[in-house]
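These notes concern the structure reproduced below.
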Amino acid sequence: MKRIANFLFEAGMLKRTPRTGFQFLGSGSESVAEHIFRTVYIGFTLGHLVKGVDTDKLLRMCLFHDLPEARTGDLNYVNKKYVKVDEEKAVNDLADTLPFGDEIRDVIFEFMEGKTLEAQLAYDADQLELILALKEYKDLGNTYADEWLAFALKRLKTEAARSLAETILDTDSSLWWFSDKSDWWIKGKEE
């Protein structure tokens with residue numbers, strides 16, 4: 001049980017591990033855990049948009065895809081030009097301590113290999129989470145977000161993700177809660 005407790009503490013480190021790319025964007029910040037949170041929702045969605053997907057495996061990939069960053073930190077694209085991270089060692093070192101470690105190892109390595117439909121959709125969920133964040137920052141006035149969006153869109157692997165990304169870009173990020181511009185916003189209650 002001690003090793004399982006340590007695993008849960010390690011997973012908690014993701015709440016305190018910042019995603020480092022936003023410092024170059026000039027606005028925004030999030031932890032790796034926050035990124036994973038929405039990536040799981042996106043994976044769930046993609047799993048229902050595409051036929052023949054093992055949605056449970058897809059969700060596990062989305063949940064665990066950045067788990068190694070609890071040990072390695074999050075490297076942005078500038079960092080990756082100069083620093084080589086041994087993610088495989090990080091995954092193996094963790095997995096070797098857990099009774100369910102092989103399951104975590106297998107799902108992360110399948111994600112990294114990127115050959116299965118589930119791995120491609122998990123990768124796209126990861127990219128779509130960035131696309132959603134960039135669209136939110138663009139809607140708030142960040143002029144650099146468009147340039148980043150162009151590259152993120154090119155990384156998408158599946159038609160379902162490209163279609164969803166197109167809709168995301170055509171949707172105001174505040175309309176999910178602010179589309180009803182009725183008297184409620186003045187009076188604060190329904191009559």
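Details
- Scanning segment 10-47 for residues that are without any contact (Cβ under 8 Å) to a residue 24 or more places away in the chain, more than 12 Å from ALA133 (Cα to Cα) and among the charged types (D, E, K, R) turns up LYS15, ARG16.
- Elements of type helices (runs of 4 or more DSSP H) in segment 1-112, at least 3 residues being loosely packed, with under 13 Cβ neighbours inside 10 Å and modelled with pLDDT under 95: 77-80
- Pick from segment 132-182, criterion small (Gly, Ala, Ser) and assigned to a helix (DSSP H, G or I), ranking: nearest to ILE42 (Cα to Cα): ALA161
- As for segment 149-159, it holds at least one residue that is farther than 24 Å from SER174 by Cβ and more than 17 Å from the chain's Cα centre (by Cα).
- Taking segment 113-143 as the range and being of a type in the set (Asp, Glu) and either farther than 18 Å from HIS35 by Cβ or surrounded by 20 or more Cβ atoms within 10 Å (Cβ to Cβ) (or both) as the test, the residues that pass are GLU113, GLU118, ASP124, ASP126, GLU129, ASP139.
- Candidate set: segment 113-129, residues that are free of Cβ contacts under 8 Å to residues at least 60 places away in the same chain and in a helix (DSSP H, G or I); chosen: the one nearest to the chain's Cα centre (by Cα): GLN127
- When residues in segment 1-44 are screened for being among the aliphatic types (A, V, I, L, M), over 13 Å from the mean Cα position of the chain (by Cα) and farther than 22 Å from TRP148 by Cα, 6 of them pass.
- Filter result for ASP74 (acidic (Asp, Glu) and more than 19 Å from LEU128 (Cβ to Cβ)): no
- Test for GLU159: is it touching a Leu at 6+ places or on another chain (Cβ under 7 Å) and farther than 25 Å from GLY28 by Cα: no
- One residue stands out among those in segment 79-97 that are touching a residue at least 40 places away in the same chain (Cβ under 8 Å) and over 19 Å from the mean Cα position of the chain (by Cα): the one that is farthest from GLU118 (Cα to Cα), which is THR97.
The values are calculated or read from the model by the stated rules, or taken from the named source; none is laboratory data. Because the structure is a prediction, the values reported are computed rather than measured. Neighbour counts are summed over all protein chains in view; Cβ atoms, including those assigned to glycine, are modelled from backbone coordinates with ideal geometry.
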